[in-house]
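Enquirer: Mind looking over this structure? Questions follow.
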Amino acid sequence: MKTIFRSLAALLLLVLLTGCDAFHTLTRSKLKTAQGCAYELIVVCSQPEWTGELGDTLRAVLTAPVPYLNQPEPYFDVLRVTERGFSGMIADHRNVLKVLVDPSLKETSVAVQYDVTAEPQIIMTLQGPSDTALTAYVSDHRNELLQVLEKAERDRSLSFNQSFHQENVEKAIRKTFNVEMTVPKGYVLADDKPDFLWARFEYPTASQGFFLYSYPYTGPQQLTAEALLAARNKFAARIPGPREGSYMTTSDVISPDFRMFRLEGRLWCELRGFWDVHGDFMGGPFVSYTTVDTVTGRVFTFDGYVYAPDLNKPRKRNYMRGVEHLLYGIQFPKVAETPEAGSTQK
């Protein structure tokens, strides 16, 4: 069992730096397999706390709608139990948030434990002297709380991808772009050109896919939202729709969101929005990540999309998280710093 006690800001930094270590013990541990579905969260909390302001704040944070999905879906599917009900299979859940009110405490803090009764498992404990103190803490640190819980899900996904990966697609990516990328089993190569590669994963009622493309880097003006959108539409048009002459494009109903961030020292540009099919009635969410490969002097983009029209099937959120996590399996040769264009931390 691995336990971390820190202030939330320090805790988040420590969790981000430790990578997937807490989830690499699957083959050598005798712990039970964690229960529950992806992005399902057990909250252990008393009835008065859950029905009061603290519970309202927890629900507002944990079940806030995920942005840029076609219909409202929460960050987490929350199930609440009391301390008495937290036993058996419930105690072996993959994601647990425990709330502890103790008047003897002087301040509010958070603790994170990994693989307590099962694995891969995260148990986060929020403790404070009063409901009011805990409510303020949750409200002030909502983003950090979500990031720690999201990273636990992401690490599970990355660990699975590394154990069960699609070698022929990875080989094609390496040959075409000189980039290492972990691609999970199930993806098939749909197209492969010198500057473009498309792979997709078809489910009975949904589809995940990604395409990679590159073009010569000429300057930071190529990393603006407008330039990246134009490049996306140019390459997305190579993905055919179901009808003759139809093809993927970016929806102009809602403008994509744009931001810059750094991941392991590399500058990335993110576009997040919706895609349509020109000449047909299809669409869904997408996210694209663009950087500059200084080895080849080219702009490189990973673009992931989802098509999941059946609202009664698994969450579109889960499909989108799956393609987002693929970014963390991309590795470039170790080179000098990428060109600057302004950034924020991720």
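The values are calculated or read from the model by the stated rules, or taken from the named source; none is laboratory data. As the structure is a computational prediction, the values presented were derived from the model and not from experiment. Every residue, glycine as well, gets a Cβ built from its backbone with ideal geometry; the counts of neighbours run over all protein chains shown. When the accessible area is computed, the model is the full protein with side chains, heavy atoms only, and any ligands, DNA or RNA have been set aside. Shrake-Rupley method; radii C 1.70, N 1.55, O 1.52, S 1.80 Å.
Enquirer: Under a Cβ-only charge scheme (Lys and Arg +1, Asp and Glu -1), can you give me the dipole magnitude of the chain about the Cα centre, in debye to the nearest 20? Intermediate results must be reported in sequence, preceding the final value.
Expert: Numbers: 37 positive and 40 negative charges, 141 e Å.
Its charge dipole is roughly 680 debye.
Enquirer: Sticking with this one: According to the square roots a ≥ b ≥ c of the eigenvalues of the Cα gyration tensor, what is the shape class of the range 151-205, taking rounded for a/c under 1.5, prolate for a/b larger than b/c otherwise, and oblate for the remainder?
Expert: Numbers: a/c = 2.34, a/b = 1.42, b/c = 1.64.
In terms of gyration-tensor shape, oblate.
Enquirer: Shifting gears a bit: Rounded, prolate or oblate, given the Cα gyration tensor of the range 174-286, with a/c below 1.5 counting as rounded?
Expert: Since a/c reaches 1.5 but b/c is at least a/b, the shape of the range 174-286 is classed as oblate.
Enquirer: What is the range 79-127 by shape, rounded, prolate or oblate, if you read a ≥ b ≥ c off the alpha carbon gyration tensor as root eigenvalues and call it rounded for a/c under 1.5, prolate for a/b larger than b/c, and oblate otherwise?
Expert: Oblate is the answer for the range 79-127, as a/c is 1.5 or above yet b/c matches or exceeds a/b.
Enquirer: Can you list residues from other chains, or at least 5 along the same chain, whose modelled amide H is less than 5 Å from the amide H of K32?
Expert: Result for K32 returns E119.
Enquirer: Next question, about the same structure. Using Cα atoms only, what is the angle between the long axis of helix 316-325 and the major principal axis of the chain, expressed in degrees (0 to 90) to the nearest 10?
Expert: Between the helix axis and the principal axis of the chain, the angle is about 70 degrees.
Enquirer: For the Cα atoms of the chain, what angle does the longest principal axis make with the long axis of helix 53-62, in degrees from 0 to 90, nearest 10?
Expert: 20
Enquirer: Also: State the antiparallel share, in %, of DSSP beta bridges confined to the chain, rounding to the nearest 5.
Expert: 75
Enquirer: Sorting check: for 280-288, 212-220, which peptide has the highest mean count of neighbouring beta carbons within 10 Å, and how do the rest follow?
Expert: Averaged packing, sorted descending, gives the order 280-288, 212-220.
Enquirer: Could you tell me which GluC sites (Glu not before Pro) in the range 150-247 are loop residues by DSSP with no more than 14 other beta carbons within 10 angstrom of their beta carbon?
Expert: Filter output for the range 150-247: E244.
Enquirer: Treat the chain as a sphere of radius equal to its Kirkwood radius over Cα pairs and apply Stokes-Einstein at 4 °C in a medium of 1.567 mPa s; give the translational diffusion coefficient in µm²/s, rounded to a whole number. Intermediate results must be reported in sequence, preceding the final value.
Expert: Working: Rh = 21.7 Å.
Answer, rounded: 60 µm²/s.
Enquirer: I would also like to ask the following. How big is the gap, in Å, between the Cα center of the range 43-98 and the Cα center of the range 231-272?
Expert: 33
Enquirer: While we're on this one: Between helix 225-236 and the chain, what is the angle of the helix's C-alpha long axis to the longest principal axis, kept within 0 to 90° and rounded to the nearest 10?
Expert: The angle comes out at about 70 degrees.
Enquirer: Between K151, K175, K185, find the one with the highest GNM mean-square fluctuation for the chain; connect C-alpha pairs within less than 10 Å.
Expert: Highest fluctuation among the options: K175.
Enquirer: So, one more: Go through H325, H165 and list them by solvent-accessible area, largest first, probe radius 1.4 Å.
Expert: Highest to lowest solvent-accessible surface, that is H165, H325.
Enquirer: Give a residue-ordered list of calculated ³J(HN,Hα) values for the range 191-205 (Karplus: 6.51 cos²θ - 1.76 cosθ + 1.60, θ = phi - 60°; whole Hz; x for Gly, Pro).
Expert: 7, 8, 10, x, 10, 7, 9, 10, 10, 9, 10, 9, 9, x, 10
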